[in-house]
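The numbers here are math on the coordinates, done by the rules we state, and not lab data. Keep in mind the model is a prediction, meaning the values are calculated, not measured. Here Cβ is always computed from backbone atoms with ideal geometry, including for glycine, and neighbour counts include all displayed protein chains.
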Amino acid sequence: MKILITGVAGFIGFHVASKLISKNFKVIGIDNLNNYYEVSLKKSRLKNILNNSNRRKFKFYQKDIRDQKSIKNIFSKEKPEVVIHLAAQAGVRYSLINPRLYVETNIMGFFNILEESKKNNIKHFLYASSSSVYGANKKIPFSENDQANHPLQLYAGTKRSNELIAHSYSYLYNLPTTGLRFFTVYGPWGRPDMSVFIFTKKILNKEIIKISDGEIYRDYTYVSDISDCIFSLINKAPKKKTSLYKDFLPNNSSIAPYSILNIGNNKPVKLTKLIEIIEEELNIKSKKKFFKKNPMDMNRTYADINEIKRKFNFSNRVPIEEGIKNFVIWFKNYYKK
């Protein structure tokens, strides 16, 4: 099977591509290698994939998903059977600085990939959504059946838009789509703008960590649990019947081959506890400075994973202590700390 992965040089894209290549899938990768964070890290991820013994099963295109003509040509030439769309403009706070980029990339770029998937009769279109779509929701843990109509940031708004657009395509064109609401993914080769990476770097450099003085909890999910889950979902495209809207649809209603799934750890960890785990692994005490919570920050993310456990026997294999240990080992080795 030939699988197209967008954002292949990104954190999750790299791990998913490596997983699929190890299972003898042929992977077509797309990434524009933008400079939102250090390009050298993205290039190192690609180099790691190409150094794999199965490198002949990987083909890379340095293209931007906003470039409709290039995307059309890649689909026409490569004829993928499954699409895993992970490319997006990431980062919550950066959306305040460059909001247009989020709309152009996360909505128009998403549309370009989805439209070509429709035209090419893709068997399954999987795409990255986010726990941030739950926004101001008070009920926890967050369930896929909960409304997600109050995002707190533009980034979350674009991800919720993706879900709604995907639903319309599933309904109109019978295109099987699955949105994956990731909950704070971390692990080796992680993004430099994420908390685990930032805290580890600052503690090692004996710099001050700036953290909220509020009660912040996150449902940290180890990256291999994400890639294992995506691997298991490739051949499990949603059918016509869906229970996602069971609260306001007649029983057994047939809407579209569409689904949304939480992928989380189901065990929120307090931010200060996360820092303690990193401190213990590094054997260094951190320097902290507390500040008022940013209104864009959700107080807590907490995944209800009953749906994915029930349907696909999903289980989290890596506890936070083991995951942090693995990340620190990678970080020290990569940056020669």
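The sum of -39500 (n - 2.57) across all DSSP H runs of n ≥ 4, divided by the residue count of the chain, sets its helix-only mean residue ellipticity at 222 nm to -11500 deg cm²/dmol. Between the residues L261, L114, Y217, the greatest Cα displacement towards the positive end of the dipole of the chain, with unit charges on the Cβ of Lys, Arg, Asp and Glu, is found for L114.
Taking the Cα centre of the chain as origin, work out the dipole magnitude from +1 charges on Lys and Arg Cβ and -1 charges on Asp and Glu Cβ, in debye rounded to 20.
Numbers: 57 positive and 29 negative charges, 161 e Å.
Approximately 780 debye in magnitude.
For segment 1-85, the square roots of the Cα gyration tensor eigenvalues, ordered a ≥ b ≥ c, give a/c of at least 1.5 with a/b no greater than b/c, which places it in the oblate category. Subtracting the Cα-Cα distance of I198 and W330 from 0.36 nm times their residue separation leaves 46.1 nm of extension gain. How would you classify segment 73-163 from its alpha-carbon gyration tensor, with a ≥ b ≥ c the square roots of the eigenvalues: rounded for a/c under 1.5, else prolate if a/b is greater than b/c, otherwise oblate? Oblate, since a/c reaches 1.5 and b/c is not below a/b. In this calculation the C-beta distance from E38 to K72 is compared with R0 = 25 Å, giving a FRET efficiency of 0.25. The orientation-averaged projected area of the convex hull spanned by the Cα atoms of the chain comes to 16.2 nm².
Remark: segment 218-235, residue by residue, has Karplus-estimated 3J(HN,Hα) of 9, 8, 6, 10, 6, 5, 5, 5, 5, 5, 5, 5, 4, 4, 6, 8, 3, 8 Hz, where x stands for each Gly or Pro and the curve is 6.51 cos²θ - 1.76 cosθ + 1.60 at θ = phi - 60°. What residue among G190, G29, G214 has the largest mean-square fluctuation in a Gaussian network model of the chain, using Cα springs under 10 Å? Maximum fluctuation in the GNM of the chain, among the listed residues, is at G214. I need the shape label for segment 103-207. Rule: rounded when a/c is under 1.5, else prolate if a/b > b/c, else oblate, with a, b, c from the alpha carbon gyration tensor. Prolate, since a/c reaches 1.5 and a/b exceeds b/c. For segment 202-218 versus segment 2-53, the inter-centroid distance based on Cα atoms is 30 Å.
With contacts taken as Cα pairs under 8 Å at a separation of at least 6 residues, the chain carries a relative contact order of 18 percent. Relative to the Cα centre, the charge distribution of segment 1-114, modelled as +1 at Lys and Arg Cβ and -1 at Asp and Glu Cβ, gives a dipole magnitude of about 480 debye.
Rounded to the nearest 0.05, the FRET efficiency derived from the C-beta distance between K210 and M1 at R0 = 45 Å is 0.50.
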